[in-house]
Structures are given as structure tokens and as C-alpha cells.
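Take a look at the structure set out below.
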Amino acid sequence: MAFGFLLASVLAAVVVAYILTKFFREPEMPSLPQNPWWGEGEPQAEDTAIRPFTINIPDEDLEDLRLRLALPLRLTPPLEGANFTYGTNSDTLKHIVEYWRKEYHWKEREAKMNELQHFKTQIEGLDIHFVHARPQQTPSNVHEPIPLLLIHGWPGSFVEFLGILPLLTSPGEGSGRVFEVICPSLPGYGFSQAAAKPGLGLQETAQIFLKLMKRLGHSRFYVQGGDWGAGVATQLATLYPQHLRGVHLNMFRPQTTMGKVRQVLGAFLPSGTLMAKEEEGMLYPLLEHAKWLLRESGYFHIQATKPDTLGAALAQSPVGLASYLLEKFSTWTNGANVNKPDGGLLKGFPIALDALLDDICIYWFTNSITSSMRYYAENMSRERAAIDTSNIPSKVPAGLAAFPEEVLLAPRSLMAHKFHDIVTYTRPSAGGHFAAMEQPGILARDFRAFVEAVPFKQAEQGGGVYLDYSPY
């Protein structure tokens, strides 16, 4: 009996040790191909020139959009009292399409976008578009401009940042710090060329954007992002920590195995055991949060499996495209908007209707909705699991801004398993998933506060003094 008990104990210990080793050990850093070719055909000599770019949608494309919008709408009347619970309410969509037809003027909006400096450059076979916002040199600029990589997500584009760029490129209140902002379009989004081959996901995008920053003369920089932008920023902080001064995110979730285990355990343990009580509402009741995510994530499953099927429909109809994207803006800005007849879009919405149509038009004119949705399939593929970096910790200084209406959030204690140097963790007073569009002032102040909090040192370089915002 004693021997049997001892044997069982040894076997149990072996099983537990195996599980701990299998699921909780830090995996090896993945090795990515250094110079892949994502363009069509075989690799060619890369053109490293940085070319000025002007947005200029041809008149025939504008006329094509006008004709499509002028077609009679074939909308099904909404169910009584359904509001946005079945998706975009057709009465609201009808109102927005009428505004799009008669009151929205693309050329005026295009001219406003072209007030920024746009460029393209070829990286790994793809023409990558980016906005380069440089600060004006004024006596109030106490410090040299700090390089910042600003990354959008889906269904966003560089237009997400039109409101925040002036706040970053000019000195903040009580601070002479200004930022030189590089805002690229994700590959396959907007004016950035889409990959012609499968496999371009978060890690590959991180490598492309690192090459972009180096090409612009920045080997050390800050990075900020939400949605897919947060994913790319996290990959940069994981794969290339030596190049980052800091990483700031406005969307995040438990990534590591231990973080996920603690998330589940927290649903059964006494309140306050695994995280601060005031943070528990981000995750619990766990079942209710799971139900909400399941109800709102149908798009994710489609785009992660059959993006081209859905893309064919959305690329054919601007009304269909608008219906699909507007519903995301409505729900992700505030989950309670599903209970409003207009989804919150027409009354008191924090994002102007023209700005929403700007984003939709970028997808329409560049015909990039299908390639943008393929990004989900690339990041959810079986091959992606082989280079998963979720359990590889990052020691880069991190700032996390938990906006109250964000879709995915996590307490600081759970995020600490991934980010080992969380410098700031904040709970802004207002804002949702599209923080840069909804609350540009709040996001800009939060990012500035993060930069101020990152340890820094003065060092001599070539007789001058520079500030190195890094603990390294």
C-alpha cells in the first residue's frame, strides 16, 4: 500500500512537472526570415527610396461611388424595438447614406488629409504608406523631437490619428517635449500594398515597421497602438526590445498562460485575492463577459476563416461596407449603443460622421477591405501557433491605458506576466476602442505622462547632451 501510494505520488509529480514545463516555461524566441518577399513573383532588388505621396482619388472612382450610392436601397425594415441588437439598424443606415450622397464631400476631406506629409517606401516587396508628422521648431520646444511609431487597427486607418497628431507634434501643457510621429498603414490597409502571399501577420508587420523606422533614421523609438496596432507594438516590444524606448497600449488582454489561468481562478476565489477589487469589473462576472464577447465576435470568426467570401460582398457595395464598419464603430465605442435606435451614431457620438465616412472611403477607394480582413486569418492560422510569443515576457517600459468602454482590458496584475516593467497603468475617465478618435486629448496626455514617467538619463554624445528615455 505504501509503495503504491509512493508510486502514485511520483507519477502525479511527474505529470504536474510536465504540465508546468509544457505550459508555463518561457518559449524560445522565434526566428523570422530576415528578408522575405511579400510582393508578387520572385524577390527583386528592393527600392529603398522614400517617395512623397499625395492622395488623389481619380474622378472616375468618385463617379463610380456616386452612381453606386444613387442606386435604390434594398434594405429590410428593422424589427420593432430591435435598435442595433441585430446589427446596423436599416433606418439609421438610410439616414447616413443620404448624408453621404448629399453632404459629404470627399475632395474637401482629401485636401485636409493632404495637409499632412504622406510617403511610400518599398519594404520586403511591398509599398508601405505612412504619414510623417514632424513638429515645428519653436522656442518652446525644450527637447529634441522624440520618435514615435503610431499604429492603427481594424476597421481603422491613419485617419484615426488626424485629431491626435497636432497634440503630439506641439509642446504639451507644461512640457517642451514634442514627438516626431510616423504613422504607417498596416500592409493591406488603405494605401499600403497587400501581401501577395500568405503568412504576413503581427510578427512580420513588426519587422517591416522596424525596418521603416530604421530607414527614417530611428533605431530607438516609442511605439503606441490599439487593436491590431497594440498587437504589432507588443511584438516589437517582445522581438526587438533593444530598439524600443517604451511601449504604450490602449487595448490589451491577458496573453500569457499564467495570466489566463489567473483570470479563470479569479472567478472562483474571494474578491481581491488575485487583483485589486476595483479592477475586477474588467473581467467579471466571467460568464457575462464571455457571453458578450461571443455575441460580438462573430465577425472575428468569419474574418479569421473565410475573409475573401465576405470581402467579395463588401467590396461590391459601398452601402454594405458602411453598414459593416459603422456597426463596429457604434458597438466598440460603447457597448450600450446596441440599445439605441441610431446605435449612438447620430446623437452625441464622440466621432464626427465625416470622420467615420473618411475611414470608410479609405477602405472603399483602395479596395482594401478584403486584404484588411485577411490579417485575421494570418494571425489565427495553424502556422502562427508555431511562432507564438505570448509567453515571452517583455522588459521594455510599458504604459497601459484602460479606457472604460474598451472591448478588451485586463488588470495590471495579469498584464504584469507579459510586461515586466509597467511604468504607468491608468484608468481614463472616458473613451472606448477608438480612443485616438474619441478622446484624442485624453490619449495624448496619457501618453505624455507615460513618457515623463519612463526613467531617463543624460548622456554625452558628440559634445552635446541628449536624453535617452530608457532604463537600459
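What follows is calculated from the coordinates using simple rules that are stated; it is not laboratory data. For clarity, every value in this text was computed on a predicted model and none was experimentally measured. All Cβ positions, glycine included, derive from the backbone under ideal geometry; neighbour counts span all protein chains shown.
Quickly rank 161-167, 427-433 as a protection proxy: mean count of other C-beta atoms within 10 Å, highest first.
Going by the mean number of other Cβ atoms within 10 Å, highest first, we get 161-167, 427-433.
Too long at a 30 Å Cα-Cα cut-off: which of 120/197; 340/418; 120/340?
Correct reply: 340/418; 120/340.
Looking at the range 256-332, which chymotrypsin sites (Phe, Trp or Tyr not before Pro) are DSSP coil and have at most 13 other C-beta atoms within 10 Å of their C-beta? Mind showing how you got there, number by number?
Numbers: sites: 268, 292, 299, 300, 324, 329, 332; in loops: 268.
In loop regions of the range 256-332 (DSSP not H, G, I, E or B), the sparsely surrounded chymotrypsin sites (Phe, Trp or Tyr not before Pro) are 268.
What distance in nm separates the two pseudo spin-label positions at residue 107 and residue 291, each 7 Å out from Cα along the beta-carbon direction?
Roughly 5.3 nm, to one decimal.
Using the structure shown, select from 102/347; 211/306; 112/211; 291/328; 211/395; 306/328 the pairs with a Cα to Cα distance greater than 24 angstrom.
Violating the 24 Å Cα-Cα cut-off are 211/306; 112/211.
Relative contact order for the chain: what percent, with Cα pairs under 8 Å and sequence separation of 6 or more?
19
What percent does the relative contact order of the range 278-367 come to when contacts are Cα pairs within less than 8 Å and at least six residues apart?
Value for the range 278-367: 20 percent.
Could you tell me which helices of the chain pass both thresholds, a Cα extent of 24 Å or more along their own axis and a mean Kyte-Doolittle hydropathy of at least -1.0, with helices taken as whole DSSP H runs? Numbers along the way, then the final one.
On the way: long enough: 2-24 (32 Å, 2.16).
The answer, listed by residue number, is 2-24.
If each of residue 94 and residue 79 carries a label point 7 Å out from its Cα toward its Cβ, how far apart are those two points in nm?
Result for the modelled spin labels: 1.9 nm.
Got the relative contact order for the range 378-445 handy, in percent, Cα pairs under 8 Å and 6 or more residues apart? It would help to have the intermediate numbers written out before the result.
On the way: 79 pairs, mean separation 22.7, N = 68.
Relative contact order comes out at 33 percent.
(i) 128, 80, 53; (ii) 75, 52, 44; (iii) 85, 70, 52: which one is Cα extents along the principal axes in Å as calculated from this entry?
So the structure-derived entry is (iii).
Need one word for the range 48-169: rounded, prolate or oblate. Basis is the Cα gyration tensor (sqrt eigenvalues a ≥ b ≥ c); a/c below 1.5 gives rounded, then a/b vs b/c decides.
The shape class here is prolate.
Please label the shape of the range 187-306 as rounded, prolate or oblate, based on the square roots a ≥ b ≥ c of the eigenvalues of the alpha-carbon gyration tensor (a/c under 1.5 means rounded; beyond that, a/b larger than b/c means prolate, else oblate).
Oblate, because a/c is 1.5 or more while a/b does not exceed b/c.
Hey, got a sec? Which trypsin sites (Lys or Arg not before Pro) in the range 353-455 land in a DSSP loop and have at most 14 other Cβ atoms within 10 Å? Mind dumping the intermediate values first?
Values: sites: 374, 382, 384, 395, 412, 418, 445, 448; in loops: 395, 418.
Answer by residue number: 395.
What is the Cα convex hull volume of the range 190-242 when expressed per residue in Å³?
Output value, Cα hull per residue: 94 Å³.
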